[in-house]
């Protein structure tokens with residue numbers, strides 16, 4: 001809650017202070033985004049790039065492949081590759097929920113045309129995927145395909161009666177998994193084909209962890225990168241100039 005200051009300030013104090021314009025920075029940024037969006041509607045320019053789809057092609061992402069980029073997670077991280085501008089890193093958090101928890105450098109991808117999460121019976125180890133953009137920008141997680149593979153095991157805090165998909169923009173392996181992730185219930189019915197989970201709450205993010213409480217396959221992870229306002233305005237101005245020129249030519 002804001003408190004009330006003095007109504008009048010000392011003149012000499014004011015004279016030696018450099019004016020601050022931080023109070024207009026956020027409104028200006030919002031105006032920039034609003035203007036860019038309005039301009040996009042006029043010119044037909046999309047404010048997001050074409051969706052990237054991470055599909056875990058077995059010929060490219062087998063567990064034996066060398067890393068294509070430097071892992072981003074602590075403790076050297078696991079295997080990783082780049083697809084459609086995204087860093088895709090396998091993680092294996094071991095000893096979860098204890099002060100000694102760590103990311104194992106043994107995390108990897110299987111040659112199975114999908115990512116196999118929790119393919120083991122250790123209750124204190126969480127396997128998953130860590131996504132970031134190569135350029136460090138922001139993105140939105142749109143959807144993913146999933147398939148419940150087994151329901152015989154579950155990590156600590158969860159039941160085999162209702163396997164969960166786990167998604168979060170943050171994860172601390174020294175804390176219990178329960179309570180750190182957004183959870184999506186899958187039940188326990190096996191032998192179903194891949195299904196698509198559409199997502200709306202993971203927008204304007206810089207990283208995301210995708211995992212599960214039990215044995216789940218993931219495939220076709222879809223995400224859109226979000227241009228910075230300054231880049232978007234520049235692109236829209238160039239496009240709008242072309243739009244206006246074409247319109248002027250058509251009126252001749």
Protection proxy ranking, peptides 196-202, 219-225, 123-129, average beta carbon neighbours within 10 Å, highest first: 123-129, 219-225, 196-202
Where labels lie 7 Å past Cα in the beta-carbon direction, separation of residue 135 and residue 178 in nm: 4.3 nm
The stretch 52-226: C-alpha gyration tensor shape, a/c 1.5 cut-off, then a/b vs b/c: rounded
Modelled FRET efficiency - R0 22 Å, residue 159 with residue 201, Cβ distances, 0.05 increments: 0.35
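Since every read-out is calculated from the coordinates, none of them should be taken as a lab result. The shown structure was predicted, so the numbers you read here are calculated from the model rather than taken from an experiment. As a convention, Cβ positions derive from the backbone with ideal geometry for all residues, glycine included, and neighbour counts pool all protein chains shown.
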